[in-house]
Every structure is written in C-alpha cells, then in structure tokens.
Amino acid sequence: MAFSANSTFASVAETLYTYPELVFVTVGASILITVTLVGNSLVLVAVARTKTLQNVTNVFLVNLSVADCLLSFAMLWSVPGLVSKTPGYPLESDIPCVTAAGLLFIATGCSVFTLANIAVNRFILITRRRTTYQRLYTPRKIALMVLASWLVPMCAVVIPPLFGIGGLGFDLESRGCQQLTTLPKAAVYTKIRTAVFYPVPFIVIIVSYALIWRHVRRHFKKRQQPGISLQSTAESAVGTLACSTSLRLGGVDEPDFSSISGPSMSSRRAKRRRHLNSVKRDHLAITKNLLVVVVAFIICFTPIAIMAFTGSKRYYLYGALILLVHGCITPFIYAAKHPYFKPTLRSMTRCLCSKLQEV
C-alpha cells in the first residue's frame, strides 16, 4: 500500500513554481476558500430555515454545497506546504495531507455525480408525469442517490492505492496535497478515477438537458399552432404532470404540475391557468439556473482536467484555483436568478451585513 511519500523524493524533485507564485496562489486560495465556505454555509442555512426550499431538487443542491465546502476544506491543508520552504510537508505527520488529497478527489467526484442527479431530476420533473416523479423520488431512493454520489468516488479514490496502484500525499513539484505521480502505476490510478468520475455523469448531464430543451422547444412550437388552447399547451410544457397541489418529501412541499381540469367557471379556469403558468415559469427558471451551475462547473473544471490528462504540473496550482472558483460562485448564481433562493439569500445577506455594521 502506498498512500504517501514525503522526503523520499526530495533529492530528485523540486518545486516547479517560484516563491512569489506560491505566495500568490496561497493568498488567492485563502480568499476563495473563505468565500466558498461562507457562501455555501448561507445556502445550507437558507434550506434549513426556509420551508419552501425544502424540496427534492434542493436535497441535491445541499449535497453539492457540502461537497464544495469539503473540497475547500481539503484545499486548506495544502496552504502550509505552499508557503513552507522546507523540502517536504511542513507538519509533523503526512496523514492530514493524505486525507486532504483523498477528500479533494472524493468531493470533486461527488460534485459531478450530484450535478448528474440534478439534471435527471429536472428532466423527470419537467417531461414526465407526476406519478413517475413520485415513484422515483421517495425519501429512501433520494437517500440512496446521495449516498451513491459519495460512495462511488470514494471507492475509486481509496481502493486502488490499497492494491499498490498510485497514491496520495504531498507532491513536491506542485507543493500541494494531491496524487503522487512519482509512485508506481500513478498513470493507471489517474485513468481509473477519470473513467469512474466523468464519462457517464457528463453524458447523463448533456442528454438530460438536451431532452429538456427539446421538450420545451416542442411546447412553444405547439403553442404557436392555431386552435391550441393555453390550457393544453401549458399541460404539455410540463409533461402532463398535473398541478393538484404539491409533491412532498417528508412533509415538505415541492411545487408540482398537475391537472388543471375542474369546475367550468371561467374565473376558476383563469386562476388555474395563471397558477400553472407561474409554476411553469418558476421551474423553467430553476432549470436554467441549474444549467448555469453545470456550465460553470465544466468551465472551471476543464483546465485542471486537461493537466491531469497531459500529466502537466507547471500550471496545476492555477487550475486548482480555477476549480475553487466554482464553489465560490455557485451561491451567487442562486442569488442572482433562482426564483426561490434569490429572495432568501438576499434577505439573509442584508441581515448579516446589518449585524456586522452594528458590531
């Protein structure tokens, strides 16, 4: 088993960065870590305190926020090595660095699987019937989905080193807690993680949002046809899910699309139509907002992924900074456009700022 190496390679490996670069990365990482932890903590508090945010989709958003917080916490353990001028990890034990490296990869993999879960959730909610959604998203099944998003990356990260394939620890060239490329079969370890983490979740994400886009596009085309009523087109936009009241997760409401058939009174029909259109707009807005989160993750993840594929370490630390940006900006994406998170997060921010001013 090879999980770490500290001073073993000190005589043959030197850092690829100048000390000013390391200081710059340290300062940048510290700022991004702080903003990520504060922003995602606000998201977690918002969900915990606001009943309208306690729904199925937001279970996955909470999981994503937890993964972002843990990723930032893992990056924090690289800071002592970045600013230290000693050849190895400056702390007495390598265990924190090994643990942080493992947590870094596990949290990244969990983020990818969680984004895939979110994409499938939006696809089922928008394009399938209410009964299908309720059957797939029971509390037990949701718990299994969340658990799998952690267990699959954990197995891919922990099991190979137990069999002598690669390892984790303090890398002397990049001065960070990550995979040790100098260990035997390190390239195989990278390929295993890559094969487990990325192809299937990214395909699921792309296909799900493509099918959502096709469904919505067909709806608007149908709406433009003469003789098609607002009622029927509104139903088709949400996959005839029906708008009775709400979907529930452990007693928590989630807005849902249901049948709008009912009394023939024109006022009630108009009210139902307005409610259905409002719910439809909210769910399409949420889906667009979450798509922005996915695109932001892909953009932030691409640089470090390219370096992993090519084996380049010269700009690895900058790629890690860019990856941290995703966890930092995700709460701002929610606050900017999410129809339910936006008012909650903004009110919490104003309250927090006013308390800080009083102090």
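Using a 7 Å offset from the Cα along the Cα-to-Cβ direction at both Ser312 and Leu162, what is the distance between the two label points in nm, to one decimal?
For the pair Ser312/Leu162, the computed spacing is 3.6 nm.
Kindly state, to the nearest 0.05, the FRET efficiency for Thr182 paired with Lys337, given R0 = 51 Å and r defined as their beta-carbon distance.
Working: r = 45 Å, r/R0 = 0.88.
E(calc), rounded to 0.05, equals 0.70.
Hey, which of these cross-link pairs are over 20 Å Cα-Cα: Lys288/Lys337; Lys51/Lys342; Lys191/Lys313; Lys185/Lys313; Lys141/Lys288?
Numbers: Lys288/Lys337 9 Å; Lys51/Lys342 14 Å; Lys191/Lys313 17 Å; Lys185/Lys313 17 Å; Lys141/Lys288 25 Å.
Check vs 20 Å cut-off fails for Lys141/Lys288.
Picking from Ala148, Val120, Asn63, whose Cα lies most toward the positive end of the charge dipole for region 43-184 (charges on Cβ: Lys, Arg +1; Asp, Glu -1)?
Val120
How would His326, His215 line up by accessible area, probe 1.4 Å, largest first?
Largest to smallest exposure gives the sequence His215, His326.
Rounded to two decimals, what ratio of Rg to Rh does region 70-127 give with C-alpha atoms and a Kirkwood Rh? Mind showing how you got there, number by number?
Details: Rg = 17.1 Å, Rh = 13.4 Å.
That ratio equals 1.28.
Considering only protein heavy atoms, with the full assembly of protein chains and a 1.4 angstrom probe, order Lys185, Lys85 by accessible area, largest first.
Details: Lys185 125, Lys85 165 Å².
Accessible-area ranking of Lys185, Lys85, largest first: Lys85, Lys185.
Enter the accessible area of Thr34 (Å², nearest 10), with the probe set to 1.4 Å and all protein chains included.
80 Å²
Taking just the C-alpha trace of region 26-108, give me its Rg and Dmax in Å.
15.6, 52
As a test question: what accessible area, to the nearest 10 Å², does Tyr19 have when a 1.4 Å probe is rolled over all protein chains in place?
Using a 1.4 Å probe on the heavy atoms, I get roughly 90 Å².
Given points 7 Å out from each Cα along the Cα-Cβ axis, report the Thr131 to Thr52 separation in nanometres with one decimal.
Placing both labels 7 Å beyond Cα along the Cβ direction yields 3.1 nm.
Pairs of alpha-carbon atoms within less than 8 angstrom and 6+ residues apart define the contacts here; what relative contact order does region 12-94 have, in percent? Write down the numbers at each step before the final one.
On the way: 44 pairs, mean separation 30.8, N = 83.
Reported as a whole number, the value is 37 percent.
The values are calculated or read from the model by the stated rules, or taken from the named source; none is laboratory data. No experiment lies behind these values; they were computed from the predicted model shown. Here Cβ is always computed from backbone atoms with ideal geometry, including for glycine, and neighbour counts include all displayed protein chains. All accessible areas refer to the heavy atoms of the entire protein, side chains included, with ligands and DNA or RNA removed. Shrake-Rupley method; radii C 1.70, N 1.55, O 1.52, S 1.80 Å.
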